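Step one of this worksheet: look at the structure below.
All of the numbers you see were taken from the coordinates with simple rules; none came from a lab. Note that this is a predicted model, so its numbers are computed, not measured. Here the Cβ positions follow ideal geometry from the backbone for every residue, glycine too, while neighbour counts run over all protein chains shown.
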Amino acid sequence: MQHLSALLSVAAQSLRYRLSGVALTVASVALSVFVLLGVEHVRQEARSSFASTISGVDLIVGARTGEINLLLLSVFRIGSATANVSWESVEEIREQANVAWAVPISLGDSHRNFRVLGTTPEFFQRYKYGSKQSLELSDGKPFQALADVVLGARVAADLLYQVGDSIVLSHGMADTSFTHHDNLPFTVSGILTATGTPIDNALFVGLDSIAAMHADESSHSTQTQGGAEVAPQDHHEDEHGHEHEHGHEDEHAHDDEHDHEHEHGHADEHAHDDEHGHEDEHGHDDEHGHEDERHEHPPIGTVTAVLVGLNDAITTLRVKRWVDEYAGEALLAILPGVALTQLWELLGNVEAILLGISVLVFLSSLLGLNAMLLASMRERRGEIQVLRSIGAPSMFVLGLLLIESLLIVTIGVVLAILALLLAIAVANGLLSEELGLMISSQIFNESNVLALVLIYATTLLVTVVPALQAYGVSKGVGGNVSVGNTSAD
Amino acid sequence: MTQSETDTTAIRLQNVLYRFNADAPVVLDVPAWEVPRREKIFLQGESGSGKSTLLALLAGLQTPSSGEVTILGTAMSALSSRKRDRFRAQNLGVVFQQFNLIPYLSVLDNVLLAAKFGETAAAATKQRAIELLQRVNLPCDLHQRKAAQLSIGQQQRVAIVRALINSPSLLLVDEPTSALDHANRDAFLTLLFDVLAERDCAMVFVSHDPAIGQYFHSKVRVSDINRAETVG
C-alpha cells in the first residue's frame, strides 16, 4: 500500500492517544487467553499424565476381580485385594513362552499411611512411567538386605527421611494399627527420584522382607488382611528349606531389639527373624549366583499381583487369554493402558468440568473482546468520516482499524502465552520438587490453536463489518444505495 | 486534468435522483443545476431538505441512484470508488459542521495527512502548511498540539487549512459555524473569505442560517433545486 508509512504512523498515534483504554483491552484479552490456554493445557496434561502413570508393563495379573479394581490396587494402591496370586502361578506365568519377565508385587503393609510394596529388585528396572522413563534413585541404592527399604520421593520428603534412617512398618493401612512390625525395623537404603506418579507415595521392600515380617502372624495363624499373606509353611529365605522350623521356633531370645515387641507377647520370632535376616539372607544372597533358587524356593507364599512384560506386544492378547483361562486359580490379566483409559473415562466428570470451563472462558473472552472492539468502532465513526472526506482510500480506513484490532489481540495473545510459559516454569519448579510432576511447555495443541484461530477470525469480523458499515454511513445521511461498489475496488 | 481545466462549470447536476434504497422515497430530485467555476454560492436549507445528501453527492462520498453528477468536468459516477477518493483528495476541500479533525493527530499532522492523500506531499508542503496555519491566526506553538486540545473555533480554522492544502478547485462547506457563537462565526466567515479571495476556488456553503447569506452574492434555496418532497 502506497500510504503504508502514513498508515502505521496514524495507527501508532491512535493507539497512544487511547492508551489507557487500549491497555485495558490488551490486559483483558491477555487474561482471558491466559485462562483459556491454561485450563485447556491443564486438561490435556491431566489426561496425559494420568495415562503415563505406568508404562513398559504389558499386562498386570491379579486374582480375578474387576479390571479397574485390579488397576487401582496394583498401580494406585487403592483398596485391598480380595484374593491373591499363589507363587506357583507366578512361576507358571514366568514360564510362558512369550513372557519376557514377571515382577510380583505384594501389598498389605504401610508406614505412616504410605503403603508398602513388596517386590523384587527387578521391579526398579522393569517399572516404567511417562514415556518409558525408568525409576531412578536420587540417593542410596536398591534394597538388598532383608531389612532394606527404598522410599518413594514423596514419602522421604514428607517424613523427612534420609538414607540410613531406621523405620518400622505396620500391618494394614491405619496409622493406628496395633500391629507394628517392630520385629523387623528397616533401614532406608535408597530414595527414588520424584516421578509424579503413585510410585512417589510408596515404600519398597523385598518380598522376603514382607514374608519375614509376617512370619509371626502366620505362625499364630492370625488373619492377614491385604495382600501379603505368607503361606503357613513358608520356606522363604531358608536357602534350601532346611530351616522351616525357624519360623516357629522361638524363645531364642536373641537379645537384639526384642524389647519393643509387645503385641506378640512372646518375645519370640525375632530370634528367627534375626537369624534369618542376618545369616540366612546372606547365605541366600551368595547362593543366588550359583543356584537358580527362583523356582525351588519361593520367597513368599502369595503375592497381590504380577507385572508382566512380553517379548512381543503382538502376543499380549494371547497371554491375557491364557491367564484369564488359567486353571490353577481364578486370575485376571489387564492391559494397563486400556484399564487406565477406562478409569479416566470413569473420572470423565473432571475432564468434562474442565472442558466446560474452557468453553465458558473462551466464549466470555470472545464476547468481551468483541464488545470492546465494537464500542471502539462506534466511537470512531466520526474519524472514519473525516478520513473519507480528505480522500483516504477505503483500504487505508480498513487497514487502520484492522492494524489496531489485530495489534491489540496479538499483544494480548503474546502476553498470555509468555505468562503461561512463565507460570508453567514456576509451577514446574515447585511441583517437581514436591510431587515430581512436570507440566509440559507444549501449550499448542489442536484445540488451543483452534481457539486462537477463532479469536482472530472473530476479531477480523468484528472489525471489518463495523468498518464497512461506518464507511457506508459516512457516504451520506445513513443511506447506502450504491455502497455495493464502495469496497469492491 | 485536461477536461476539468477547460470546463467552465464547477458543478453540473443532470436528472439526479437519490433514494436510500430501491423501496425508499426519493430524497433528492434535481433535474438540472450548475455552479460556475470560482463562484461562491450560499445554499440555504432546513434540516431534512436533503442538503447533506446533496453535499455528499457533490463530494463523491455518495453516488446518485440515477442521473449524472459532474464535478469540475469529471463525471463522478464514471469513476471507481478508489479514483473518486483520489479525485476528492486532489480537487475538493470539505469542511463539516464539527469533528473535522483526527483528534489524536497534531494540528500539523492533520493537514499533512490530507496533503499525503492529495499526493501533493513534498518538502515544500510542510512549509506551506505552516504558513497557511499562521494565515488563519494559528501560531506555531499550536501546530504540534493534538487537534482534540484545540477550541472548536480553532479546530474549524484548522479544517479550512486542511481543506485548502491541496489547492482544491471546489470547497464544500457544511454548517461550519453552527457550533460557534456570533463573534466567532463572523470572525470565521471573514477569514474564510479572505483566504478564498487569494485563490481560484469555487465554494458551496450550506447552512440553515439565512443571516450568513449576507456574505454571498449568489444564494440558492435547496427547495428551489430539489423537487423531491422531503420529510422534515
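Would you tell me the mean number of C-beta atoms belonging to other protein chains that fall within 10 Å of each C-beta in B:79-89, as a whole number?
If you average over the peptide's residues, the count of other-chain Cβ atoms is 5.
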Contact order relative to length for chain B, counting C-alpha pairs under 8 Å separated by 6 or more residues, stands in percent at 31 percent
Given labels modelled 7 Å from the Cα in the Cβ direction, how far is it in nm from A:D158 to A:Q342?
-> 2.8 nm
So for the pair B:T8, A:I68, with labels modelled 7 Å out along Cα→Cβ, what separation do we get in nm?
-> 9.7 nm
Mark the label point 7 Å from the Cα of A:L374 along Cα→Cβ and return the residues of the range A:438-469 whose backbone N is within less than 11 Å of it.
-> A:462, A:466
Simple spin-label estimate for A:A313/A:L360, 7 Å along Cα→Cβ, in nm, reads 3.9 nm
May I ask you to sort B:H182, B:H208, A:H41 by Cβ crowding, counting other Cβ atoms within 10 Å and putting the fewest first?
-> B:H182, B:H208, A:H41
Could you pull out the pairs from B:K126/B:K219; B:K83/B:K116; B:K51/B:K126 whose alpha carbons sit more than 25 Å apart here?
-> B:K126/B:K219; B:K51/B:K126
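Calculated FRET efficiency, B:E46 and A:L407, Cβ-Cβ r, R0 51 Å, to nearest 0.05?
Numbers: r = 44 Å, r/R0 = 0.87.
With R0 = 51 Å, the Cβ-Cβ based efficiency is 0.70.
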Dimensions of the range B:111-219 along principal axes (Cα, Å, largest first)?
-> 42, 30, 20
Of the residues B:Q149, B:G213, B:L180, the Cα lying farthest along the dipole of the range B:149-215 towards its positive end, which is defined by charges on the beta carbon of Lys, Arg, Asp and Glu, belongs to B:Q149
How many angstrom lie between the C-alpha centres of the range B:160-222 and the range B:56-127?
-> 17 Å
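Provide the FRET efficiency to the nearest 0.05 for the A:A457-B:L191 pair, computing r from the beta carbons and using R0 = 56 Å. Please report the intermediate quantities before stating the final value.
Details: r = 50 Å, r/R0 = 0.90.
According to the calculation, E is roughly 0.65.
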FRET efficiency for A:Y17 and A:S440, Cβ-Cβ distance as r, R0 = 35 Å, nearest 0.05?
-> 0.25
Among A:M372, A:L355, A:L401 - extreme Cα towards positive end, dipole of the range A:348-404, charges at beta-carbon | A:L401
Cα-Cα pairs in chain B separated by more than 21 Å, as a whole percent of all pairs, come to 56 percent
Using per-residue counts of other Cβ atoms within 10 Å, averaged over each peptide, order A:132-145, B:152-165 from highest down.
-> B:152-165, A:132-145
